[in-house]
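One structure is given here, and the rest of the page talks about it.
Every number here is computed from the coordinates shown, using simple stated rules; none is lab data. Here the structure is a predicted model, which means the values were calculated and not measured. Reconstructed Cβ throughout: ideal geometry from the backbone, glycine too, with neighbour counts over all protein chains shown.
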Amino acid sequence: MKLAVEFPSVSYREGPAGVGRLAHAIEHIGYDQLDIFDHVVMGFPIEGRDGRYPAKMPILEALMTLSYAAALTPTIGLGTEVLVLPQRQPVLVAKQVSTLDTLSGGRVRLGVGIGWQPSEFEALSENFHTRGKRTDEAIELLRACWRDEQIDHHGHYYTSVAMGMEPKPPQGGNLPIWIGGSSDAAFRRIGKYGDGWLSSQVSDADAAKRAIDAIKAAASAAGRDPEALGWQGQIAPPPRPGDTAAKMYYADLDRVAKRVVDLKSMGFGWAAVNATAVFQSGARSVEAMIETLGKIHDRLRREVGR
């Protein structure tokens, strides 16, 4: 089973050296993938707004942070979990990701989702209500940018006529795009466009089977091979403000190990450790996070192998 770490932006408090030391350590410990989540801004709680996470939560920009990590790590996979694709201009994203893949030697896995925060879309002058349809079209445009010598895309939301984008990423049009989400629309999107599912909310085997079966059915309907898809499960969702029990999740290695064993039995080939939650559970420095991530890695390898 492959293991990913969702990188903690809070490490910035120890400066660039702290961020770099943690990225290097995650690779050195033996994790397979370094992922980072994406928000550009977070809304303060006002009337009519979902205050899911604190507005002052530190969040480093995802692609810039991965570029920094790429310069400090020679082998670990690099990805987003997930990039809110419809609040970003897709041709620019294609260029950024292509450059990251080029400079990292072909190590990028792009994870995308449609987002949940209307105020963030508003701040970025993007339409929240069309985000699902725009995500589908944006994925098609990303593939064209990475694959085609001449890019000709005539869509409902995006247009690119007789354009070139070089250099192509080392992985070309096959650069993996994994997709998050837990709705029926997300399952259809993953089956039609994705190389894998980034799951965050599967709690039991029945729910996992229903989701995986729906994704595979959508892949078959789109003429794609459902057995070629990858499956990554989040060990535990990010803790919400005030949820003390959730914040202590990673303090119990037995609980973490059981969850990963369960994910493997559900059919997931990847498990993701949320290092921000590791920080919240008591590892309050870069060195403490490195130590805890090492213990988690060693325990999980004993339980589920490589």
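At-a-glance table
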{"quantity": "Residues that are under 22 Å from the mean Cα position of the chain (by Cα), charged (D, E, K, R) and farther than 29 Å from residue 191 by Cα, drawn from region 215-251", "calculated": "240, 247"}
{"quantity": "Any hit, region 234-251, residues being closer than 30 Å to residue 98 by Cβ and outside any helix (DSSP H, G or I)", "calculated": "yes"}
{"quantity": "Matching entry among 160, 182 (being in contact (Cβ under 8 Å) with a residue 24 or more places away in the chain and over 24 Å from residue 268 (Cα atoms))", "calculated": "160"}
{"quantity": "Any hit, region 138-155, residues being under 17 Å from the mean Cα position of the chain (by Cα) and over 29 Å from residue 51 (Cβ atoms)", "calculated": "yes"}
{"quantity": "Subset of region 2-26 that is assigned to a helix (DSSP H, G or I) and over 16 Å from residue 59 (Cα atoms) - its residue that is nearest to the chain's Cα centre (by Cα)", "calculated": "26"}
{"quantity": "Region 211-234 residues that are over 14 Å from residue 181 (Cβ atoms), paired with ones that are of a type in the set (A, V, I, L, M) and crowded, with 16+ Cβ neighbours inside 10 Å (beta carbon under 6 Å, 6 or more apart)", "calculated": "226/219"}
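For every residue, the table says whether it meets (1) free of Cβ contacts under 8 Å to residues at least 60 places away in the same chain; (2) assigned to a helix (DSSP H, G or I); (3) out of contact with any Phe, Trp or Tyr (no Cβ under 9 Å at 6 or more places or on another chain).
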position: 68; (1), (2), (3): yes, yes, yes
position: 86; (1), (2), (3): yes, yes, no
position: 92; (1), (2), (3): yes, yes, yes
position: 95; (1), (2), (3): no, yes, yes
position: 102; (1), (2), (3): no, yes, yes
position: 109; (1), (2), (3): no, no, no
position: 121; (1), (2), (3): yes, yes, no
position: 126; (1), (2), (3): yes, no, yes
position: 132; (1), (2), (3): yes, yes, yes
